[in-house]
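Comments concern the structure below.
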Amino acid sequence: MRKNVHEIYTKILKEELLDATGCTEPIALALASAKAKKVLEDIPDQIKVFVSDNIIKNAKSVIVPNTKDLKGIKASVAAGIIAGDSDQILGVISTVSNAKIDAIHAYLKTVNITVEPIQSEYIFDIQIEVYKNNHCAKVRMINHHTNIVYIKKNDDVLLAKDYVKEKAVEDDLKKSLTVKDIVDYANTVDLKEIKPLILKQISNNLAISEEGLTHKYGANIGKVLLKKTPNHLPTTAKAKAAAASDARMAGCKLPVTIVSGSGNQGITASLPVITYAQALKVSEEKLIRALLVSNLVTIHQKTGVGPLSAYCGAVFAGAGSGAGIAYLHDGTFEDIAHTIVNALAIVSGVICDGAKASCAAKIATSVDAGILGFQMYQEGQQFYGGDGIIAKGIENTIHNVTRLAREGMRITDKEIVKIMTEMP
């Protein structure tokens, strides 16, 4: 494998596998708001929020951590203003005192926060304007949850960077990589540099899964699965992933290691693989290499779609986890490729209608598809090119599915947002 491909994959993983406390869209809002307050050097008495439709969709129904069950864009912004530490990035509101929580509630009752949708060339676009005593500050974030591209205080522009040129890994490099390269990378990369990152993913995501299984969160999908079908490895794998989402969507303050900008995708790509690895009693090295497969397969698929869409990203992560499970069973590139194709054939088209409790059930469904995709191939069964949108060859299939998510579901995305914003 070419050395530069090794370097690119390692760099991608370092960029994508970040720790985040809370659902990433509300946390991005909190981060941008905390940064704006820091630039203003005061607590604003007026705030204007301008966001793209997908931010509205993904911040509407999920509980913001450390706010006593507040939901929505205004709550996310208020939390960032009152309690946010922008230096902590996606942990911006990970540590909030009870007094600060009370202050967030009071702030929402007294300060004018307006939210307006904007038509933007970017699917992910957050613009925050804060005002106090004839002073103002503006912050803009686009396409990635930490990608602040513009900062202005009064008439002084403090930051104005080009989005494409200044990203850590350019999209064209991500798009050039393949499932075959992913498997080669996982088989051959020196783990010394990447191991600490993967071990942290294991630790973080196992902890929030256990929290979800131990306490009451959301619709308790993880608990329901284990109660109805105990001592069954595929069900346990689904349940552990679902339980982590149960907790996360309900405002749990434990961090998650995200993938492709999503905690739910990070959960889905990792916990089923970890669960199978524990049951199979494989070595730590084997588990780490399997997670490299799962994470990178997830990232590879999602790159062709963009940060947000009407297509549920857990489907991609479920296929990724199936690929990781195939790797644990000593699967070859062909085994892994067919597992991914099978999984995508089963559940492609599941809609994303924002972050909320039902995400846990969608995760369980997506993991089930990933596991079934692998089980099918174990038994010599598979879907073939020409079956619906499935094409001959793994990369052609991924191209078709991501095209569906990116292009075909644009109108669906707008209709989902319209339906959600019409409801009280």
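The values are calculated or read from the model by the stated rules, or taken from the named source; none is laboratory data. None of these values were measured; they are calculated from a predicted model. Note that we place each Cβ from the backbone using ideal geometry, even for glycine, and neighbour counts take in every protein chain shown.
Answer yes or no as to whether A290 is surrounded by fewer than 22 Cβ atoms within 10 Å (Cβ to Cβ), at pLDDT 95 or above and among the hydrophobic types (A, V, I, L, M, F, W, C). No; evaluated as a whole, the condition is false for this residue.
Residue count for the stretch 23-53 satisfying the condition of being within 21 Å of the chain's Cα centre (by Cα) and surrounded by fewer than 24 Cβ atoms within 10 Å (Cβ to Cβ): 2.
Any residue at all in the stretch 337-347 that is within 15 Å of G322 (Cβ to Cβ), in contact with a Pro (Cβ under 8 Å, 6 or more places away or on another chain), assigned to a helix (DSSP H, G or I) and not small (G, A, S)?
Looking through the stretch 337-347, none of the residues is within 15 Å of G322 (Cβ to Cβ), in contact with a Pro (Cβ under 8 Å, 6 or more places away or on another chain), assigned to a helix (DSSP H, G or I) and not small (G, A, S).
Within the stretch 361-416, the set of residues being hydrophobic (A, V, I, L, M, F, W, C), surrounded by 13 or more Cβ atoms within 10 Å (Cβ to Cβ) and farther than 30 Å from G212 by Cβ comprises F383, I389, I390, A391, I394, I398, L404.
Taking helices (runs of 4 or more DSSP H) that do not extend beyond the stretch 1-109, which have at least 3 residues that are touching a residue at least 12 places away in the same chain (Cβ under 8 Å) and small (G, A, S)?
Per the criteria, 24-40, 73-83.
For the stretch 261-273, the count of residues that are more than 22 Å from S366 (Cβ to Cβ) and modelled with pLDDT of 95 or more is zero.
Only residues that are under 24 Å from N98 (Cβ atoms) and basic (K, R): list them for the stretch 28-74, please. K37, K38, K68, K71, K74 - these are the residues of the stretch 28-74 that are under 24 Å from N98 (Cβ atoms) and basic (K, R).
Could you tell me whether any residue of the stretch 351-373 is in a helix (DSSP H, G or I) and under 18 Å from G393 (Cβ atoms)? Outline the logic, then answer.
Here is the first cut: in the stretch 351-373, the ones in a helix (DSSP H, G or I) are 359-373.
Retained after the next criterion (residues that are under 18 Å from G393 (Cβ atoms)): 373.
So far as the stretch 351-373 goes, yes, one or more of its residues are in a helix (DSSP H, G or I) and under 18 Å from G393 (Cβ atoms).
With of a type in the set (A, V, I, L, M, F, W, C), more than 21 Å from Y327 (Cα to Cα) and assigned to a loop (DSSP other than H, G, I, E, B) as the only criterion, which of A219, A247 stands out?
None of the others qualify; the one that does is A219.
Among residues of the stretch 302-332 being hydroxyl-bearing (S, T, Y) and crowded, with 24+ Cβ neighbours inside 10 Å, the one that is nearest to E25 (Cα to Cα) is Y311. For R406, the conditions (1) under 20 Å from the mean Cα position of the chain (by Cα); (2) charged (D, E, K, R); (3) outside any helix (DSSP H, G or I) all hold with the exception of (3). In the stretch 409-420, is there at least one residue being touching a residue at least 60 places away in the same chain (Cβ under 8 Å), assigned to a helix (DSSP H, G or I) and closer than 16 Å to I340 by Cα? No, the conditions are met nowhere in the stretch 409-420. Of the set (1) assigned to a loop (DSSP other than H, G, I, E, B); (2) within 26 Å of R248 (Cα to Cα), all apply to E193 but (2). Considering only the stretch 235-254, I want to know if a residue exists there that is at pLDDT 95 or above, over 18 Å from the mean Cα position of the chain (by Cα) and surrounded by fewer than 24 Cβ atoms within 10 Å (Cβ to Cβ). Taking every residue of the stretch 235-254 in turn, at least one turns out to be at pLDDT 95 or above, over 18 Å from the mean Cα position of the chain (by Cα) and surrounded by fewer than 24 Cβ atoms within 10 Å (Cβ to Cβ). Within the stretch 224-250, residues that are of a type in the set (G, A, S) have Cβ atoms under 6 Å from residues that are surrounded by fewer than 21 Cβ atoms within 10 Å (Cβ to Cβ) and in a helix (DSSP H, G or I) in these pairs: A239/L226; A243/L213; A247/E211, counting only partners at least 6 apart in sequence or on another chain. Just one of the listed residues (I411, I390, I363) is hydrophobic (A, V, I, L, M, F, W, C) and over 28 Å from S245 (Cα atoms), and it is I390.
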